[in-house]
């Protein structure tokens, strides 16, 4: 469980590089506990990579890592790695190739067409390959991101009230770069796909409490972030 460490880090340093490194290291350990062998020879795609901290943990383990995002803002230490420019809402995924493991961390809630992404995700994987998908579900305590918990007042009303009270402008505009998503909804979409199978589902920052994900309504509020490990049949 690292939720307490993340909250403490965020309160003191906001979302600095170390904040994301903590997330990445914890997620990598969880992926390994599910039986994925991480090391040299593993082809990894960090999709929606941002500055590259998540994929960087796999680089350090000797994996062959490709970074992908709409713009290249990789930190200098990762600039020598392969980067592919991709818009997940509009582009053809074929240019990304097929991987042993695809990481898509905290991206799904920023896609205008999340279901379309899931329907194409299997094309990114070799047979037996894995997709690590995590995102902040809308009814989570952090569902509104920087204007949380005002998102509970409504997608538009909440951010307007937050801005009025704080005098700040949110980095997120709902239905423009932040889209409400729900755990039950996403699991339903995945289970309709013939080529992907759910291997594990857990609250990302406290996977020890995976039983929460069996509680259909409560999980939407109790999971700060949902983590799925999917496998291509």
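The values are calculated or read from the model by the stated rules, or taken from the named source; none is laboratory data. Please read these numbers as outputs of a predicted model, since none were measured by experiment. Ideal geometry is used to build each Cβ from the backbone, glycine not excepted, and the neighbour counts take in all protein chains shown.
From 55, 50, 35, grab the single residue that is in a helix (DSSP H, G or I) and either within 13 Å of residue 130 (Cα to Cα) or under 16 Å from the mean Cα position of the chain (by Cα) (or both).
Details: 50 fails: in a helix (DSSP H, G or I); 35 fails: in a helix (DSSP H, G or I).
Only one candidate passes the filter, namely 55.
State all residues of segment 116-130 that are over 13 Å from residue 27 (Cβ atoms), touching a residue at least 60 places away in the same chain (Cβ under 8 Å) and surrounded by 17 or more Cβ atoms within 10 Å (Cβ to Cβ); if no residue qualifies, say none. Selection gives 118, 121, 122, 124, 125, 129. Of note, residue 9 does not satisfy the criterion of being modelled with pLDDT of 90 or more and either within 23 Å of residue 227 (Cβ to Cβ) or out of contact with any helix residue (DSSP H, G or I) (no Cβ under 8 Å at 6 or more places or on another chain) (or both).
Per the listing 222, 228, the residue uniquely touching a residue at least 60 places away in the same chain (Cβ under 8 Å) and either over 19 Å from residue 105 (Cβ atoms) or within 16 Å of the chain's Cα centre (by Cα) (or both) is 228. Taking residues in segment 50-61 that are touching a residue at least 24 places away in the same chain (Cβ under 8 Å), and partners anywhere that are assigned to a loop (DSSP other than H, G, I, E, B) and buried (at least 23 other Cβ atoms within 10 Å of the Cβ), the pairs with Cβ atoms closer than 8 Å and at least 6 places apart or on different chains are 55/49. Looking at segment 94-102, can you tell me whether even one residue there is surrounded by 14 or more Cβ atoms within 10 Å (Cβ to Cβ), touching a helix residue (DSSP H, G or I) at 6+ places or on another chain (Cβ under 9 Å), at pLDDT below 95 and within 26 Å of residue 193 (Cβ to Cβ)? Yes; the residues of segment 94-102 include at least one that is surrounded by 14 or more Cβ atoms within 10 Å (Cβ to Cβ), touching a helix residue (DSSP H, G or I) at 6+ places or on another chain (Cβ under 9 Å), at pLDDT below 95 and within 26 Å of residue 193 (Cβ to Cβ). Residues in segment 202-218 that are surrounded by fewer than 23 Cβ atoms within 10 Å (Cβ to Cβ) and not in a loop (DSSP other than H, G, I, E, B): 202, 207, 208, 209, 210, 211, 212, 213, 214, 218.
Being surrounded by fewer than 16 Cβ atoms within 10 Å (Cβ to Cβ), within 18 Å of the chain's Cα centre (by Cα) and at negative phi: is that true of residue 73 here? Here the answer is yes, as residue 73 does meet what is asked.
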